[in-house]
Amino acid sequence: MNVGIRSIGYFIPDEIHDAAWIAAHSGIPEAVIRDKFGIQQVHKAGLTDTVSSMGVAAARRCLGDFDPADLDMVVYCGSEYKDFYLFNCAARIQCELGAVNAAVFEIHNLCSAGVWGLKVLKAMMIDDPELKHVLLVSSSRESDLIDYTDATGRFMFNFGDGAAAVLLERDLDRNVILQTAMIADGRFATDVSVPGIGCQRFADPAPLRDADRFLRVTDPVAMKERLDPITMENFAAVIASAATKSAFGADHIDYLAPIFMKRSILRLLLDRFGLGEDNTFLLEEYGHCQSADCFISLAEGARAGNLRPGHNAVLVSAGTGYTWAATAVHWGPVN
């Protein structure tokens, strides 16, 4: 029993914040933003581009002429920063699409939710023959939560806005979802948060400070000291595990679809598996769009000819908290 990716669509807003814009608002030299941070530009959502509306736009491009009424489930796996606090984004997307026969739910695991969501939905679709077509949607405008004057959050300056959607089909023998691996390290669970919102803050009678409305890093030095020695190894480990569990092995990866990484880090990861830049797609013109990154990479890699039928692809992502996850996909028809 196979579950395959029938189609992918994405939406990127028109407004651009380039390296010069980020430099002007952060006080960091433009050359550092470009060369050290690896940011050429990110896209910024307009006032009417909500998380749900961007998700709907991506979903419509994904569906094409597929009738939304034939969807059996709509799943949201994007940012937890949505249109409203405590809000069912999946239901909103279902309604806007006219997917009147679809069940809905949401998967949240920060930036690794999309990669892990493929595993969850594959298992559900194999188990339940009534789930023939499932739409997975990721959307993010977390750039709203970035304070460019806060140097402790510099690693988040690459956040851009956008959305992606993936249509999964039961019994589809192409673009087949294979196996998944994850490493989790809960020591990082409270390192990054929006500290002004949540039940822990609700009971505090002190007025909410503007700074606490943004994503903040509790102790950036301590986080870096703990994260730097393990993150590359964990990326490599989940990639190798997903490939091995999928039976083609780490030596036979043809394409890597990662979350946004600056070029120098991505090259190191590619080198680990004997790959080059023609085996991936750089997201330098998109920025980090949360869980949408890997799906954009698949779509753009296929369009550019880097991802071709017969290739073994691995999607890899990481989410603060901290998780590293990878899912293998056999691209094109199954022989």
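The values are calculated or read from the model by the stated rules, or taken from the named source; none is laboratory data. Just so it is clear, the model here is predicted, and its values are computed rather than measured. A quick note on method: Cβ atoms are made from the backbone with ideal geometry, for glycine too, and the neighbour counts reach across all protein chains shown.
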**OP:** Report yes if some residue within the range 268-288 is crowded, with 17+ Cβ neighbours inside 10 Å, under 30 Å from Phe11 (Cβ atoms) and over 20 Å from the mean Cα position of the chain (by Cα); otherwise report no.
**Re:** yes
Original post:
Taking only pairs six or more apart or across chains, which ones have beta-carbon atoms under 8 Å, a first residue in the range 304-326 that is basic (Lys, Arg), and a second residue that is part of a loop (DSSP other than H, G, I, E, B)?
Top reply: Arg308/Asp254
Original post:
Looking only at the range 34-55, which residues are out of contact with any Ser or Thr (no Cβ under 9 Å at 6 or more places or on another chain), outside any strand (DSSP E or B) and in contact (Cβ under 8 Å) with a residue 60 or more places away in the chain?
Top reply: Phe37, Ile39, Gln40, Asp49
Subject >> Flag for Gly305 being surrounded by fewer than 24 Cβ atoms within 10 Å (Cβ to Cβ) and in contact with a His (Cβ under 9 Å, 6 or more places away or on another chain) >> reply: no
Subject >> Members of the range 1-36 found to be among the charged types (D, E, K, R) and over 19 Å from the mean Cα position of the chain (by Cα), listed by number >> reply: Asp14, Glu15, Asp18, Glu30, Arg34, Asp35, Lys36
Original post:
Among the residues of the range 121-159 satisfying the criterion of being more than 25 Å from Ser53 (Cβ to Cβ) and in contact with an Asp or Glu (Cβ under 6 Å, 6 or more places away or on another chain), which is surrounded by the fewest Cβ atoms within 10 Å (Cβ to Cβ)?
Top reply: Lys132
Subject >> Exclusive hit being at pLDDT 95 or above, touching a Ser or Thr at 6+ places or on another chain (Cβ under 8 Å) and not assigned by TED's automatic domain parsing to the domain that holds Val137, set Met182, Met232 >> reply: Met182
Subject >> Matching residues in the range 181-219 - criterion: being assigned to a loop (DSSP other than H, G, I, E, B) and of a type in the set (S, T, N, Q) >> reply: Thr190, Thr218
Original post:
List, please: which pairs have Cβ atoms under 9 Å, are six or more places apart or on different chains, and start with a residue in the range 18-33 that is hydroxyl-bearing (Ser, Thr, Tyr) and end with one that is in a helix (DSSP H, G or I)?
Top reply: Ser26/Ile33; Ser26/Ala151; Ser26/Arg154
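Let's see how each residue does on (1) assigned to a strand (DSSP E or B); (2) at pLDDT 95 or above; (3) within 21 Å of the chain's Cα centre (by Cα):
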position: Trp116; (1), (2), (3): no, yes, yes
position: Leu121; (1), (2), (3): no, yes, yes
position: Ile126; (1), (2), (3): no, yes, no
position: Glu130; (1), (2), (3): no, yes, no
position: Val134; (1), (2), (3): yes, yes, yes
position: Val137; (1), (2), (3): yes, yes, yes
position: Asp144; (1), (2), (3): no, yes, yes
position: Phe155; (1), (2), (3): no, no, yes
position: Ala165; (1), (2), (3): yes, yes, yes
Original post:
Is the range 240-254 home to any residue that is surrounded by 14 or more Cβ atoms within 10 Å (Cβ to Cβ) and within 24 Å of Gln41 (Cα to Cα)?
Top reply: no
Original post:
Yes or no: Leu269 at pLDDT 95 or above and touching a Pro at 6+ places or on another chain (Cβ under 8 Å)?
Top reply: yes
Subject >> Test: residue in the range 251-268 that is in the same structural domain as Arg303 (by TED's automatic domain parsing), among the basic types (Lys, Arg), touching a residue at least 60 places away in the same chain (Cβ under 8 Å) and in a loop (DSSP other than H, G, I, E, B) >> reply: yes
**OP:** Could you tell me whether Leu178 is in a strand (DSSP E or B), in contact with a Cys (Cβ under 8 Å, 6 or more places away or on another chain) and within 25 Å of Phe66 (Cβ to Cβ)?
**Re:** no
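Every residue, every condition in (1) modelled with pLDDT under 95; (2) among the hydrophobic types (A, V, I, L, M, F, W, C); (3) closer than 17 Å to Ser143 by Cα, yes or no:
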{"residue": "Ala69", "(1), (2), (3)": "no, yes, no"}
{"residue": "Asp72", "(1), (2), (3)": "no, no, no"}
{"residue": "Gly78", "(1), (2), (3)": "no, no, yes"}
{"residue": "Gly98", "(1), (2), (3)": "no, no, no"}
{"residue": "Ala102", "(1), (2), (3)": "no, yes, no"}
Original post:
Does the range 178-207 hold any residues that are among the hydroxyl-bearing types (Ser, Thr, Tyr) and over 27 Å from Leu121 (Cβ atoms), and which are they?
Top reply: Thr190, Ser193
Subject >> In the range 67-87, the residues that are surrounded by fewer than 16 Cβ atoms within 10 Å (Cβ to Cβ) and closer than 23 Å to Lys122 by Cα >> reply: Asp67, Ala69, Asp70
Original post:
Taking the range 205-249, which residues are acidic (Asp, Glu) and free of Cβ contacts under 8 Å to residues at least 24 places away in the same chain?
Top reply: Asp210, Asp212, Glu225, Asp228, Glu233
